[in-house]
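Contents: one structure, followed by commentary.
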Ligand SMILES: C[S@@+](CC[C@H](N)C(=O)[O-])C[C@H]1O[C@@H](n2cnc3c(N)ncnc32)[C@H](O)[C@@H]1O
């Protein structure tokens with residue numbers, strides 16, 4: 001049985017009104033957070049907030065306290081996995097789909113490495129332009145919805161993507177996984193998140209049936225790459241299809257420790 005919320009979202013998507021409804025939610029969110037955000041900025045003058053529409057586009061909220069805290073916690077996920085699997089002293093890390101740098105802005109603080117070089121990429125040129133102007137501890141480049149990235153091969157010890165495959169069609173999953181592994185050094189790692197079993201509880205009954213049979217579920221009728229274009233990934237699909245040519249180092253199916261509803265995958269290229 002679909003909940004009222006699921007049914008409303010279904011009809012809005014069908015009528016191509018979901019983006020408009022999301023815009024109204026954005027306005028409400030900005031209004032609701034006006035006071036707490038002012039307080040947060042007064043207390044944290046060093047924090048440069050991105051434009052609210054870019055934060056909402058990438059993170060679905062515009063509360064700076066939460067944006068900051070969650071960015072820090074999610075950067076801990078990346079630093080924990082990097083420390084576990086990379087033994088180099090000097091590391092190069094790339095975030096694909098960095099948005100307005102919610103996570104990458106914290107990564108220069110990882111301890112345990114002598115030198116950390118950071119590169120963020122996104123297909124939203126406005127986000128990349130903002131990052132280039134305000135986030136000084138990383139470099140940024142933009143890319144297109146489809147690969148390639150304008151980056152040479154085997155450059156990075158770690159490439160990560162937080163909630164990017166969650167917004168792509170099946171074809172672009174295969175195209176991008178190949179492209180991301182092209183950037184990774186031998187023995188380097190790829191970390192990414194997916195809408196797995198916890199998120200799949202939000203699917204409508206017919207979609208959930210498809211998910212349970214091991215197929216990727218795509219909710220589209222929205223521009224691909226946008227947050228309302230949603231892909232749901234049964235773990236067996238990731239293992240049998242997306243990562244079939246890789247060594248899976250870790251699959252975290254409950255990332256509550258990092259306050260993430262999404263599942264986390266860490267894989268190594270077979271060189
Ligand atoms: C849900 S947001 C996540 C942003 C960021 N990773 C974070 O966790 O705050 C998805 C991001 O992926 C970007 N994106 C979508 N498709 C992309 C693609 N093909 N290449 C690069 N970035 C993409 C969007 O512009 C957006 O910034």
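Just so you know, all these numbers are worked out from the coordinates, no wet-lab data involved. What you see is a predicted model; the values in this text were computed from it and never measured. Cβ coordinates were reconstructed from backbone atoms using ideal geometry, including for glycine residues, and neighbour counts include every protein chain displayed.
Descriptive notes on the structure:
- Residues 69, 111, arranged from fewest to most other Cβ atoms within 10 angstrom of their Cβ, appear as 111, 69.
- Order of 25, 70 - criterion: other Cβ atoms within 10 Å of each residue's Cβ, fewest first: 25, 70
- Computed log₁₀ I(q)/I(0) - Debye formula, equal Cα scatterers, no solvent, the chain, q 0.09, 0.11, 0.13 Å⁻¹: -0.41, -0.63, -0.89
- Label-to-label distance, residue 152 versus residue 221, with points set 7 angstrom from Cα along the beta-carbon direction: 4.8 nm.
- Projected label distance in nm at residue 48 and residue 144, using a 7 Å step from Cα toward the beta-carbon: 3.0
- Note on the chain: with a GNM built from Cα contacts shorter than 10 Å, the maximum mean-square fluctuation among 134, 11, 160 falls on 11.
- Beta bridges per DSSP with both ends in the chain, % antiparallel, nearest 5: 45
- Sorted ascending by nearby beta carbons within 10 Å, beginning with the fewest, 261, 114, 84, 95 become 114, 84, 261, 95.
- Relative contact order computed over the chain (Cα-Cα under 8 Å; 6+ residues apart), in percent: 16
- Using C-alpha pairs under 8 Å with a sequence gap of at least 6, the mean separation divided by the residue count of the stretch 1-116 gives a relative contact order of 22 percent.
- Length released on extending from residue 90 to residue 198, taking residue separation times 0.36 nm less the Cα-Cα span: 35.3 nm
- Candidates 16, 74, 173, ranked by Gaussian network fluctuation over the chain, Cα under 10 Å, top entry: 16
- Projected label distance in nm at residue 32 and residue 61, using a 7 Å step from Cα toward the beta-carbon: 1.0
- Theoretical ellipticity at 222 nm over the chain - DSSP helices of four or more residues, -39500 (n - 2.57) apiece, nearest 500: -11500 deg cm²/dmol
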